[in-house]
Amino acid sequence: MVNNSPWKEEVRIKSEKPPRKKWWIIGGVFLAVVVLVGAGINFYFYYQNSLVNQGVGIAFSGDSSAYVGQQFKLDVNYFNNTNLVLKDASLSLSLPDGILFLDAPGQRVEEKSIGDLGPGSLGNITYNLVATNGTQSLQKIQASLLYGLFQTGSSRFERQSSVDINILDPIVAVSLSAPQNIANGQNFDLTVNYKNNTGQNLSGVSLALVYPPIYKFQASSVQPTTGNNTWILDSLSPGASGSFTVTGSVTGAEQSFFQMEADINAQFNGQNYLVNSQKLQLVVASSPLSVSVSLNDSPNYVSKLSDNLNYTITYQNNSSVAFQNAAITVTLTGDLYDFSSFQTNGFFNGLTQTFTWNASNLPELASIAPNQSGSVSLVIGTKSSYPIKRISDKNFSLAFKAQISSQTVLPNSNTSQTTGLAQLTTPIQGMVNILSEGYFRDAASGILNSGPFPPRVNQPTEYTIHWIINNYSTDISNVKVQASLASNVAWTGVVKSNISSSSPVYDPSSNTITWQIDRVPATAGIVLPAAEAIFQIKSTPSVNQINSQAQLISQTTLTATDNFTNVPLSDSASEITTALPDDSTVSSVSKNVEP
């Protein structure tokens with residue numbers, strides 16, 4: 001008997017082909033299992049490393065404080081209290097500024113390989129360190145133990161710890177004392193005091209005085225170990241102190257400051273470390289016989305090439321004593337002085353480049369009465385070009401030194417003569433030059449110009465314009481080069497520059513081209529390559545320009561700031577027409593516009 005019920009047929013069909021939804025459910029369950037298993041593995045490794053970290057550690061022992069300049073030891077102890085092997089372990093120590101490794105003073109971090117650390121193993125590394133600065137401060141030293149686990153393959157883990165080292169005073173204290181005002185040429189005493197701050201004997205410690213250029217050493221109460229400025233402080237017992245006196249003189253401009261300096265150096269492994277430095281600032285007192293100098297009636301005069309320098313040297317007796325047989329000596333130093341151009345009544349010595357006035361050529365110097373003053377003059381020019389041969393030939397200046405002296409000395413003075421001194425340094429401003437050149441054929445630039453030449457009415461011809469900057473003796477900044485396009489001339493947009501950060505830009509609203517450069521170094525175009533930009537323009541002459549040379553761009557102007565003297569500099573180049581004097585390929589053809 002046949003049953004035609006549709007319900008039974010539906011059941012039959014379902015039994016033959018499982019529904020698609022079932023497969024989605026099965027796939028989802030499988031994916032969830034994979035995710036959970038992966039998460040479990042990651043959790044297992046994370047949990048395991050967490051347990052390892054709890055059993056891996058770093059501890060410090062050794063010196064917790066140190067004087068600046070004192071060697072100290074730091075023991076870094078490491079241990080593995082787990083039941084796992086730590087693979088390829090290494091220990092690194094990172095030092096702050098002011099603490100150095102004695103065996104590697106140039107390093108800030110030192111890493112040492114330990115190898116595999118088995119369960120329950122421990123060890124330590126001893127570091128020899130020295131503090132070189134940071135008086136009265138806490139300096140943090142950081143240690144890191146890096147390791148891997150065999151179970152995690154190439155993964156690396158890190159355990160960190162740190163310790164603070166108390167940095168005390170320098171091992172040796174030093175101080176300086178002297179009269180505050182020092183007369184020119186008069187001997188004065190500089191007293192040097194030192195003391196061992198530590199509780200141990202010190203060796204390998206030296207004290208060095210740093211004298212200014214104007215100082216002249218005379219004697220010392222304790223013989224220097226080396227030269228006239230270094231003393232070895234051997235076997236300095238705990239708390240021991242000492243002192244000595246250095247005698248000398250200075251010759252400097254009145255009311256100018258100078259500095260005496262004392263340095264304490266400690267020696268470890270054959271290398272010196274500066275561990276203490278003290279400075280004393282002193283001033284050159286006004287002399288009873290003073291001298292001053294002025295240039296071109298300006299307190300801050302800046303000179304230039306082919307300049308005319310008018311120096312006035314003024315002397316003054318500031319005491320109640322008449323100074324007999326005084327002499328004025330002027331010394332000029334500078335590559336740009338033109339000694340062939342001087343004008344003065346003083347005697348000139350070409351070997352020493354000095355000028356001298358005394359009673360024979362200036363009778364007033366035979367006796368300078370109290371409160372009496374006078375002056376002499378010297379006129380001299382500067383050269384017309386800079387002596388530039390190397391990149392370092394830059395920032396030229398002129399040094400002028402005037403000195404007046406007399407064998408007459410004031411009562412109770414310990415000098416052999418009375419001296420007054422004045423100095424003046426005058427900077428020489430730089431010079432920059434802009435060239436503007438036009439070309440029709442310009443293969444060297446890599447730009448191909450098209451169109452007829454000689455130019456023709458209503459037919460466009462392309463040209464390239466070169467802007468070349470030659471800068472001489474000073475760095476310049478805020479450089480701006482500018483020109484305008486002539487009528488019937490268009491900007492093509494083709495532009496090049498050998499300065500990567502800057503190229504000429506065209507402004508159609510003003511019809512101007514502007515090249516702005518942040519900085520051009522000294523000697524560019526002389527020793528260094530010149531700064532150069534190239535751009536292309538297109539000229540279409542009109543009928544009213546027939547039989548004449550058509551203008552392409554206007555006069556080019558350059559402005560800049562001299563970084564050495566801070567004065568503005570400028571230059572300009574003539575307009576460019578179809579005459580193209582710099583293009584030798586068109587020298588034999590007509591330059592006028594043709595019909």
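The values are calculated or read from the model by the stated rules, or taken from the named source; none is laboratory data. Since the structure is predicted, the reported quantities are computational estimates derived from the model, not experimental observations. FYI the Cβ positions are ideal-geometry reconstructions off the backbone, even for glycines, and counts take in every protein chain you see. When the accessible area is computed, the model is the full protein with side chains, heavy atoms only, and any ligands, DNA or RNA have been set aside. Shrake-Rupley method; radii C 1.70, N 1.55, O 1.52, S 1.80 Å.
Quick one: which of 228-238, 552-562, 79-89 comes out on top by average Cβ neighbours within 10 Å, and what's the full order, highest first?
Numbers: 228-238: 15.3, 552-562: 20.1, 79-89: 18.3.
The most tightly packed comes first, giving 552-562, 79-89, 228-238.
Under 5 Å from the amide H of Thr354 lie the amide H atoms of Asn349, each residue being 5 or more positions distant or on a separate chain, with H modelled from the backbone and absent for Pro and chain starts.
So between Asn310 and Thr191, what do we pick up on full extension, going 0.36 nm a residue minus the alpha carbon distance?
On the way: separation 119, 0.36 × 119 = 42.84 nm, distance 4.36 nm.
Net length gain for the segment: 38.5 nm.
Amide hydrogen proximity for Phe268: with H placed 1.01 Å from N in the peptide plane, the residues at 5 or more positions away or on another chain lying under 5 Å are Tyr273. For segment 163-176, putting each phi into the Karplus relation 6.51 cos²θ - 1.76 cosθ + 1.60 with θ = phi - 60° gives couplings of 9, 9, 10, 7, 8, 8, 5, x, 4, 10, 7, 9, 9, 10 Hz, in residue order, rounded to whole numbers and with x for Gly and Pro. Toward the positive end of the charge dipole of the chain, with +1 on the Cβ of Lys and Arg and -1 on the Cβ of Asp and Glu, the farthest Cα among Val291, His466, Thr344 is that of His466.
At 1.4 Å probe size, with every protein chain present, just tell me what the per residue accessible area of segment 483-595 comes to in Å².
Working: 5470 Å² over 113 residues.
Counting only protein heavy atoms, the per-residue value for segment 483-595 is 48 Å².
The charge dipole of the chain, taken about the Cα centre with unit charges on the Cβ atoms of Lys, Arg (+1) and Asp, Glu (-1), comes to about 1920 debye, rounded to the nearest 20.
Projecting label points 7 angstrom from Cα along Cα→Cβ for Gln259 and Ser373 puts them 3.3 nm apart.
Note on segment 393-518: semi-axes of the ellipsoid equivalent to its C-alpha gyration tensor, largest first and rounded to whole Å, are 60, 14, 12.
In segment 467-574, a dipole from Cβ-located charges (positive for Lys and Arg, negative for Asp and Glu) runs towards its positive end, and of Ser487, Gln516, Ile499 it is Ser487 whose Cα lies farthest in that direction. Computed from label points 7 Å out along Cα-Cβ, the spacing between Thr352 and Gln423 is 1.8 nm. The mean sequence distance of close C-alpha pairs (under 8 Å, at least 6 residues apart), as a share of the length of the chain, puts its relative contact order at 9 percent. Every Cα-Cα pair of the chain was included, and the share exceeding 40 Å stands at 64 percent. Projected label points at Asn361 and Gln218, each 7 Å from Cα along the beta carbon direction, are separated by 3.2 nanometres. Ellipticity at 222 nm from helices only: DSSP H runs of n ≥ 4 in the chain, each -39500 (n - 2.57), divided by the residue count, give -3000 deg cm²/dmol.
Annotation: extensible slack from Leu138 through Thr331 equals 64.2 nm (criterion: 0.36 nm per residue apart, minus Cα-Cα distance). Measuring r between the beta carbons of Gln343 and Ser64 and using R0 = 60 Å, the FRET efficiency lands at 0.20.
Just to be sure I follow: if Rg is taken over the C-alpha atoms of segment 295-446 and Rh is the Kirkwood radius over the same atoms, what is Rg/Rh? Using only Cα positions, Rg/Rh for segment 295-446 is 1.20.
The phi-based Karplus calculation (6.51 cos²θ - 1.76 cosθ + 1.60; θ = phi - 60°) puts the 3J(HN,Hα) values of segment 403-420 at 9, 10, 9, 8, 6, 6, 10, 6, x, 6, 8, 9, 9, 8, 7, 9, 10, x Hz, whole numbers, x for Gly and Pro. The apolar share of the surface of segment 390-437, taken as the fraction of accessible area on carbon and sulfur atoms (1.4 Å probe, ligands and nucleic acids excluded), comes to 47 percent.
Using the per-residue mean of other Cβ atoms lying within 10 Å as a proxy for protection, in what order, highest first, do the peptides 337-349, 478-490 fall?
On the way: 337-349: 13.9, 478-490: 18.5.
With the highest mean Cβ count within 10 Å placed first, the list reads 478-490, 337-349.
Tell me, how many Å apart are the Cα centres for segment 516-576 and for segment 179-213? If we compute the Cα centre of each part, the gap is 59 Å. Extension gain for Ser542 to Asp518 (0.36 nm times residue separation, less C-alpha to C-alpha distance): 4.8 nm.
Using 1/(1 + (r/R0)^6) with R0 = 25 angstrom and r between the beta carbons of Thr230 and Val283, what's the FRET efficiency to the nearest 0.05?
Details: r = 26 Å, r/R0 = 1.05.
Between Thr230 and Val283 the formula returns 0.40.
Derived scalar couplings between HN and Hα for segment 575-591 equal 4, 10, 10, 5, 5, 6, x, 8, 9, 6, 6, 10, 5, 9, 10, 5, 9 Hz in order, rounded to whole Hz, by the Karplus curve 6.51 cos²θ - 1.76 cosθ + 1.60 (θ = phi - 60°), x for Gly and Pro. Amide H to amide H, with H built 1.01 Å from N, Val494 comes under 5 Å of Gln536, counting only residues 5 or more places away or on other chains.
Dipole of segment 473-576, Cα-centred, from +1 at each Lys and Arg C-beta and -1 at each Asp and Glu C-beta, to the nearest 20 debye? The partial results should precede the final answer.
On the way: 4 positive and 7 negative charges, 53 e Å.
Roughly 260 debye for segment 473-576.
Which of the peptides 127-139, 65-77 is most tightly packed, and how do the rest follow, going by the mean number of other Cβ atoms within 10 Å of each residue?
Details: 127-139: 17.5, 65-77: 20.2.
Final packing ranking: 65-77, 127-139.
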